[in-house]
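> To start, I am sharing the structure in question, which I have written as structure tokens.
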Amino acid sequence: AAGNVGTSSAVDFTVDGSMPPYLELIQNGGFEDGVAPWTGTTGAIGTFSGQPAYEGSRCAWLGGHGRTASESLSQTVKIPSGAAVVTLRFQLHIDTAETTTSQAYDKLTVQVLNNSGVVLKTLATYSNLHKAPGYVERSFDLSAYCGQTIRLSFKATEDASLQTSFVLDRVSLAMR
């Protein structure tokens, strides 16, 4: 501030201007602002004592019923043309009561769809075989969809017995 004089040690730093900042394309990726603009099984978004969020207080909990069920969440996003890199990232926690180490009974499918709902690409299918004690970050390059409007879809399906929970948080689609 003007008129204040102080002493301090010298500090050296470098600013690397080679990496442009990221632009976030997903809205409400941490689910902290309620359900909009997510569509599908929006009751899967909330605060759950049985499944804590990765960060904040809210997450999306798909599955976990232990009976035949299907739930999904999706969001439509326009990816501007000219982006150098477009990356989908999300935190995923999978827990299950299934005991098998070889049979995928319950699944979460992550897909890119067009405006008409046609699957452009299945990015991954996770199952009860991918259980983990905590959240795991998943990442996908979506640069091929620059200049397009896409719908990101997360769809969980469970069989008739033994629950598998697919808990999502911190969903991000960032471009630079």
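> Comparing Leu142, Leu108, Leu73, which has the greatest mean-square fluctuation in the GNM of the chain with Cα pairs linked when under 10 Å apart?
Leu142
> If you line up the Cα atoms of the chain on their principal axes, what length do they span on each, largest first, in Å?
73, 37, 31
> I would also like to ask the following. Which is the longest stretch in the chain that no exposed loop site breaks, taking sites as chymotrypsin sites (Phe, Trp or Tyr not before Pro) with a DSSP loop state and at most 15 other Cβ atoms within 10 Å?
Counting only loop sites that pass the neighbour cut-off, the longest clear stretch is 23-176.
> I'd like the Kirkwood hydrodynamic radius of region 137-176, using the inverse of the mean 1/r over distinct C-alpha pairs, in Å.
Here the Kirkwood hydrodynamic radius works out to 13.3 Å.
> Rounded to the nearest 5, what % of DSSP beta bridges with both residues in the chain are antiparallel?
Restricted to the chain, the bridges split so that about 100 percent are antiparallel.
> If we count every other residue with Cβ under 15 angstrom of Asp33's Cβ, Lys/Arg +1 and Asp/Glu -1, where does the sum land?
Net charge in that neighbourhood comes out at -2.
> Mind checking the dipole of region 97-176: about its Cα centre, +1 per Lys or Arg Cβ, -1 per Asp or Glu Cβ, Debye to the nearest 20?
320 debye
> For Lys121, give me every one of the lysines with a C-alpha distance below 18 angstrom, ignoring sequence neighbours fewer than eight places off in its own chain.
Lys78, Lys107, Lys155
> Divide, for region 50-125, the radius of gyration over alpha carbons by 2.2 N^0.38 Å, where N is the residue count.
Dividing the Cα Rg of region 50-125 by 2.2 N^0.38 Å gives 1.36.
> About the Cα centre, and with charges only on the beta carbon of Lys, Arg (+1) and Asp, Glu (-1), how big is the dipole of the chain? Nearest 20 debye, please.
In total the dipole reaches around 420 debye.
> Putting +1 on Lys and Arg Cβ atoms and -1 on Asp and Glu Cβ atoms, find which of Ala84, Thr100, Leu113 reaches farthest to the positive end of the dipole of region 72-164.
Ranked along the dipole, the leading option is Ala84.
> Moving to a separate point now. With a ≥ b ≥ c the root eigenvalues of the C-alpha gyration tensor of region 109-168, is it rounded (a/c under 1.5), prolate (a/b larger than b/c) or oblate?
Oblate, because a/c is 1.5 or more while a/b does not exceed b/c.
> Take Thr99 and Val119, extend 7 Å from each Cα along the Cα→Cβ direction, and tell me the distance between the two endpoints in nm.
About 3.2 nm, to one decimal.
> Moving to a separate point now. Assign one of three labels to region 83-140, namely rounded, prolate or oblate, based on the Cα gyration tensor with a ≥ b ≥ c the square roots of its eigenvalues; rounded applies when a/c is under 1.5, prolate when it is not and a/b is larger than b/c, and oblate otherwise.
Oblate, since a/c reaches 1.5 and b/c is not below a/b.
> May I ask for the net charge around Leu62, where only other residues with Cβ less than 13 Å from the Cβ of Leu62 are counted and Lys, Arg are +1 while Asp, Glu are -1?
-3
> So, one more: For the chain, what's the relative contact order in percent, using C-alpha pairs closer than 8 Å and at least 6 residues apart?
Relative contact order of the chain: 35 percent.
No value in this document is a laboratory result; all are computed from the given coordinates. Only a predicted model underlies this, so the values are computations on that prediction, with no experimental measurement involved. With ideal geometry, Cβ positions are generated from the backbone for all residues, glycine too; neighbour counts draw on all protein chains shown.
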